[in-house]
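Please read the structure below before turning to the comments.
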Amino acid sequence: MAEQLAGQKFKVSRRGFLKGCTLAATALGLSESMVPRLVEAAASPQRPPVVWLHFQECTGCTEALLRASHPDIGRLILDIISLDYHETVMAAAGHQAEKSLQDTIDRYNGKFICVVEGAIPTRDGGIYCKIGGRTAMDILAEVGPRAAAVISIGTCSSFGGIQAARPNPTGAVGVSELLSGPPIINIPGCPPNPISFLGTVLHYFTFKRLPRTDQMGRPLFAYGRKIHDHCERRAHFDEGRFVEQFGDDAHRRGYCLYKVGCRGPGTFSNCPAARFNDVDVWPVSVGHGCIGCTEPDFWDTMGPFYERLPGVSIPGSGGGIISDAETAGKTILGVTAAAIGIHAAFGIGKKLVGRKKDEE
Ligand code: FSX
Ligand code: SF4
Ligand code: F3S
């Protein structure tokens, strides 16, 4: 049932709306006092128009958003933006759909947000991805420069993804290799966590600019830390307790997955803290190593996925990140404190939601 907030009608419940904004604020590292500003921006009746382009991809990024249940983030996103063109969810088809794309970019020239999902093939004139008879390259070249900002969702549009993996037969590339002009931000992950997308969108609505990024165009609030540095299994790594084989006793005990291929030491993402959906899990928490899906060219650079990531010194291997017992203690304490800090922040987010519910 639709509910109202600041005059705006929502499909998501009022509680879900506040919870989503609070979680986004937490993900962004903003203090509790900033939540009302995010709520105000998200509840604005002037919903920013969004054109969502699909190129070479599996639609996993859209699926991850639509199926997000933490708490109805997908519906919240659909509520706060005006999704004027999105091939997966729009009712229109064929020429009617193409007309709505043209109408939107004409009506909101320079004002709409362009979200791109999927890589863009460039070989042979870009013929390997066509929509309505036009190549992805053509569509991006027309739509991209007229956008106020471009959000590349997923590793494919950020860096080329699996399509760009060797031998990259279609010459697939990410958006920023083709487009210049509008600000571009990358939200990689295969698929990315919806909270990272929501945080980016709400940051843009609230502060009228995209969040700060690293050198690869990824927002620092979501990709500023290595997975390994805030993983709940890190104490096992530091103590030299490793899973040697999937299904062994160490695996059942939840030890570190480095020796069975975890790419956490080389991957930047908020997965251990943000987790996925209501069930609050992420790959490592359910017993599989990280495969590095937020990193450029991870299909080529991170494999083979079940062999040890080279270049990482492990305790007991002679190299040793930990030189003595005292350092080890500090490292473990520091990592544990950081992990507790982040989980506590998300926990506070959830508590704030409870409090807001009481105040209602
Ligand atoms: Fe790529 Fe997104 Fe991986 Fe799939 O669409 S990032 S293949 S999850 O879906 O673009
Ligand atoms: Fe966690 Fe993987 Fe690092 Fe082990 S190697 S501590 S499982 S991120
Ligand atoms: Fe991807 Fe690794 Fe997170 S595989 S989803 S970056 S744990």
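The values are calculated or read from the model by the stated rules, or taken from the named source; none is laboratory data. The structure displayed is predicted, hence computed values, not measured ones. All Cβ positions, even for glycine, are placed from backbone atoms using ideal geometry, and neighbour counts span all protein chains on display. SASA here: full protein model, heavy atoms, side chains in, ligands and nucleic acids out. Shrake-Rupley method; radii C 1.70, N 1.55, O 1.52, S 1.80 Å.
Numerical summary
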read-out	value
Any hit, region 121-144, residues being within 16 Å of the chain's Cα centre (by Cα) and surrounded by 14 or more Cβ atoms within 10 Å (Cβ to Cβ)	no
Considering residues of region 198-240 that are open to solvent by 20 Å² or more (accessible area, probe 1.4 Å) and acidic (Asp, Glu) only, the residue nearest to the chain's Cα centre (by Cα)	214
Candidate set from region 251-287 (those that are among the aromatic types (Phe, Trp, Tyr) and open to solvent by less than 20 Å² (accessible area, probe 1.4 Å)); member that is nearest to ligand 2 (Cβ to nearest atom)	258
Given (1) in contact with a helix residue (DSSP H, G or I) (Cβ under 9 Å, 6 or more places away or on another chain); (2) at pLDDT below 95; (3) surrounded by 12 or more Cβ atoms within 10 Å (Cβ to Cβ), number of the condition residue 290 does not satisfy	(2)
Qualifying residue in region 156-168 (condition: among the β-branched types (Val, Ile, Thr) and crowded, with 23+ Cβ neighbours inside 10 Å)	no
Filtered residue count, region 125-174, keeping only those that are of a type in the set (A, V, I, L, M) and farther than 22 Å from residue 201 by Cα	11
Qualifying residue in region 231-239 (condition: of a type in the set (A, V, I, L, M) and within 13 Å of ligand 2 (Cβ to nearest atom))	yes
Residue satisfying all of: in region 293-303; open to solvent by 30 Å² or more (accessible area, probe 1.4 Å) and either touching a Phe, Trp or Tyr at 6+ places or on another chain (Cβ under 7 Å) or within 9 Å of ligand 2 (Cβ to nearest atom) (or both); farthest from residue 68 (Cα to Cα) among these	297
Residue 152 vs. criteria among the hydroxyl-bearing types (Ser, Thr, Tyr), within 11 Å of ligand 1 (Cβ to nearest atom) and in the same structural domain as residue 209 (by TED's automatic domain parsing)	yes
Positions within region 126-168 being outside any helix (DSSP H, G or I) and of a type in the set (Gly, Ala, Ser), in sequence order	132, 133, 147, 148, 149, 152, 160, 165
Meets criteria (touching an Asp or Glu at 6+ places or on another chain (Cβ under 8 Å) and over 22 Å from residue 191 (Cβ atoms)) for residue 131	no
Scan of region 169-182 for residues that are buried (at least 24 other Cβ atoms within 10 Å of the Cβ) and not in a loop (DSSP other than H, G, I, E, B), ordered by number	172, 175
The lone exception for residue 117 - which of (1) over 27 Å from residue 280 (Cα atoms); (2) crowded, with 20+ Cβ neighbours inside 10 Å it fails	(1)
Checking residue 277 against (1) more than 16 Å from ligand 1 (Cβ to nearest atom); (2) at positive phi, the condition it does not meet	(1)
Cβ pairs under 7 Å, 6+ apart, first in region 266-277 and modelled with pLDDT of 95 or more, second more than 8 Å from ligand 3 (Cβ to nearest atom) and polar (S, T, N, Q)	270/196
For residue 312: the one exception among (1) under 30 Å from residue 113 (Cα atoms); (2) among the aliphatic types (A, V, I, L, M); (3) surrounded by fewer than 19 Cβ atoms within 10 Å (Cβ to Cβ)	(1)
Condition met for residue 247 (more than 30 Å from residue 185 (Cα to Cα), part of a loop (DSSP other than H, G, I, E, B) and open to solvent by 10 Å² or more (accessible area, probe 1.4 Å))	yes
Residue within region 51-67 that is away from ligand 2 (no atom under 16 Å from the Cβ), at pLDDT below 80 and under 30 Å from residue 170 (Cβ atoms) present	yes
Residue 46 vs. criteria open to solvent by 10 Å² or more (accessible area, probe 1.4 Å), over 16 Å from the mean Cα position of the chain (by Cα), modelled with pLDDT of 90 or more and farther than 26 Å from residue 160 by Cβ	no
